[in-house]
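The values are calculated or read from the model by the stated rules, or taken from the named source; none is laboratory data. Everything numeric in this text was worked out from a predicted model, so none of it was measured. Counting neighbours? That spans all protein chains shown, and the Cβs are built from the backbone with ideal geometry, glycine included. For the accessible areas, the whole protein counts, side chains as well, though only heavy atoms, and no ligand, DNA or RNA atoms are used. Shrake-Rupley method; radii C 1.70, N 1.55, O 1.52, S 1.80 Å.
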Amino acid sequence: MERYYLAALNAVNLIGTKTLQKLIEKFGSAENIWRAEISQLTEAGFNQKIIDNFIEFRSKHPDAVEKLVEFCNVRKIKICTTYDENYPPLLKQTSAEPIIFYYRGEIIPDAERIAIVGTRGATPYGEKVSKKLSAELAAAGFTIVSGAAKGIDTFAHQAALKNGRTVAVLGYGINKIPHDKQKLFEEIVAGGGVVMTEFPPNSDGNTGTFPARNRIIAGLSRGVIVVEAGEKSGALITANRAADFSRDVFVVPHSVFSPKSAGCHNLIREGAILIKGSDDVLEEYHLKNKKIAPEIESEEKILTSPKIELEGAEKLIYEAIPQDESITLDEILINVDEVSPAEISEIMLQLELKNLILENDGKYSRK
């Protein structure tokens, strides 16, 4: 039950990891803290605002611990604390490890983990690279860690699933998984991987929770690979935290004309390790001769669409979409005088149905 008391305390506003650790030093256990009188908390020297928040929370939720136990049992959610044997030692070595996290799946504490992160709005090039790196490194024995966002993160998880294990770190509660992510997360758990978060089960994500998630991605991993990232990409936060934790930062280069890779190129200028493929990562860890499963698809096969002969307006539209960049409908119309605004939506739909293009946040790219 101790971990559930710890989880209940961790849900109180202003009680974070450092405060909890100090409280446990004073009171001996999370259960003792939960049951403490106001006078005992005051005598222990803790901030009055923290004490007030705790007392208010406990008054509103006197059965919080019991309800949490029932909630987790029904939903097969587990809790891991820094005091447990299966807490990943690599994460514990950082200066910002969470005192608890909620998870589904199976933790392998000493697994060799490497993170693959990048932009949500990935280009076809970014998708191809993410899948290839993830598939090959998973086959070579690495557990692939990422943040479960759409784009590069999702591609990395999907490719890893076919060849090994993957860990998805969430920026929201484990009971708040979006509908479109549920199938992927069930596959991760079924495949021996882990879906985890430090946030209470019903917590929504916000601008502060995702940078917090990124530090866990970096802390869990031996190194972080940034595949595609703009100048303000959240992936750069992960890379910077990895550097703070003395972990390796690897970067995949791209066209100097691509804004989606401006952040990557800045990291390279700052000393990150440029890589061209999984062999470079394996060589860095003296694993160059590690066998990669022969069934992994080659880069050329991963995203190759069937050859379809296009004619007329469909051909004009398809040829107006750059090979490795995304483009809006307005930009396409500027380049293709023969097609009217009334016609273009139907043409784009036909190209999508033929599996030739991909739409992402109102922008289109070739598959």
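List of remarks:
- The phi torsions of the stretch 232-241, fed into the Karplus equation with coefficients 6.51, -1.76 and 1.60 and a -60° offset, translate into couplings of 10, 5, x, 4, 5, 5, 4, 4, 5, 5 Hz, rounded to whole numbers, with Gly and Pro shown as x.
- When the residues Arg222, Arg35, Arg215 are ordered by accessible surface, computed with a 1.4 Å probe over the protein chains alone, the sequence from largest down reads Arg35, Arg222, Arg215.
- Whole-number percent relative contact order across the chain, with pairs defined as alpha carbons under 8 Å at least 6 apart: 14 percent
- Per-atom-type breakdown for the chain gives carbon and sulfur 49% of the accessible area (1.4 Å probe, protein chains only).
- Counted residue by residue at 0.36 nm each, then reduced by the alpha carbon distance between them, the extension gain from Asp324 to Ile273 reaches 16.1 nm.
- Computed from Cα atoms, the angle from the helix 209-220 axis to the main principal axis of the chain rounds to 90 degrees.
- In degrees, nearest ten, helix 124-139 long axis to first principal axis of the chain (Cα): 60 degrees
- Rounded to the nearest 10 degrees, the angle from helix 48-60 to the longest Cα principal axis of the chain is 90 degrees.
- Top positive-direction residue, dipole computed over the chain with Cβ charges, set Ser326, Tyr364, Ser203: Ser203
- Per residue, the solvent-accessible area of the chain (1.4 Å probe, heavy atoms of protein chains only, all protein chains present) comes to 49 Å².
- Counted over the chain, the DSSP beta bridges are approximately 40% antiparallel.
- Modelled FRET efficiency - R0 56 Å, Lys92 with Val336, Cβ distances, 0.05 increments: 0.50
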